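A quick write-up on the structure given underneath.
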Amino acid sequence: MNLVEFQRLSKRTMPFNGEPQNPIEFENMLGNYAMGLLGEAVELLEAKVNGDKEIIKEIGDVCHYAVGIAMITKNDLPNKPMLLSESLSCVFNRLLFASKEISEQAKKHIYHRHTLDISPMYISVIFDCLYTLMDYYSPKGDALQMNIDKLKTRYPDKFNVEDSIARKDVQA
């Protein structure tokens, strides 16, 4: 599965179907996805102690929020992100740094009324890191498919608050 297909499938579960219609919806979605991206990036780092299966799950979660950020900020997904040649620890650190920068820009835009300035460079860094981690931990693309399967279980039709609270995918 490529990123464009993953984004299309992820969009089904995004608030406002991934297409906010006004500034309030945009800010709600931006805040949700910026916080989600940073939170999942930290969970990915924490997963290193729990083994490859947990890392693969978290890679998919980070990817979900990253494609959401790219979509709502009108940043194109990279055709083929590059694989980084640095150590995995450096890749994790770069991912956290870029996620933090996106979160900071979202915060400044939503709460401090700054002009939104999410650099396409940070989007590229995130996807370069994700591709590097997928190449190492999930070379068959399992991380993306696992995330889509989880979202389909959690939200059979589309995103809604009731299904978000029920979390059917984690109660089994």
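Brief remarks follow.
- Here region 35-130 is treated with +1 on each Lys and Arg Cβ and -1 on each Asp and Glu Cβ, and its dipole about the Cα centre works out to around 280 debye.
- The Cα trace of the chain gives Rg and Dmax of 15.3, 44 Å, the first to one decimal, the second as a whole number.
- Amide N proximity, region 31-63 versus Asn93 label position 7 Å along Cα-to-Cβ, cut-off under 14 Å: none
- Distance between region 73-112 and region 1-55 - C-alpha centres, whole angstrom: 12 Å
- With a Förster radius of 30 Å applied to the C-beta separation of Asp52 and Met82, the computed FRET efficiency comes to 0.85.
- Distant-in-sequence amide contacts of Leu84, defined by a placed amide H-H separation under 5 Å and a gap of 5 or more residues or a different chain, comprise Thr132.
- At full extension, Asn160 and Met121 could sit 10.8 nm farther apart than now, given 0.36 nm per residue minus the alpha carbon distance.
- Per-residue SASA entry for Ser103, accessible area with 1.4 Å probe, Å² rounded to 10: 30 Å²
- Cα convex hull of region 1-78 - mean projected area over all directions, nm²: 5.2 nm²
- On a per residue basis, the chain carries 53 Å² of accessible surface, using protein heavy atoms and a 1.4 Å probe.
- Pairs of alpha carbons in region 86-159 whose separation is greater than 15 Å (percent): 66 percent
- In a reduced charge model with +1 at each Lys and Arg Cβ and -1 at each Asp and Glu Cβ, the chain shows a dipole moment near 200 debye about its Cα centre.
- Lys107 sits with roughly 80 Å² accessible to a 1.4 Å probe, with DNA, RNA and ligands left out of the calculation.
- Net charge over other residues, Cβ less than 13 angstrom from the Cβ of Glu19 (K, R count +1; D, E count -1): +4
- Estimated from the Cβ-Cβ distance and a Förster radius of 45 angstrom, the FRET efficiency linking Asp135 and Gln21 is about 0.75.
- Over 30 Å between alpha carbons, listed pairs Lys108/Lys140; Lys11/Lys108; Lys140/Lys168; Lys80/Lys150; Lys48/Lys74: Lys108/Lys140; Lys48/Lys74
- Efficiency of FRET from Cβ geometry, Lys11 and Gln145, R₀ 22 Å, rounded to 0.05: 0.85
The values are calculated or read from the model by the stated rules, or taken from the named source; none is laboratory data. This one's a predicted model, so the numbers in the text were calculated from it and none came from an experiment. Reconstructed Cβ throughout: ideal geometry from the backbone, glycine too, with neighbour counts over all protein chains shown. When the accessible area is computed, the model is the full protein with side chains, heavy atoms only, and any ligands, DNA or RNA have been set aside. Shrake-Rupley method; radii C 1.70, N 1.55, O 1.52, S 1.80 Å.
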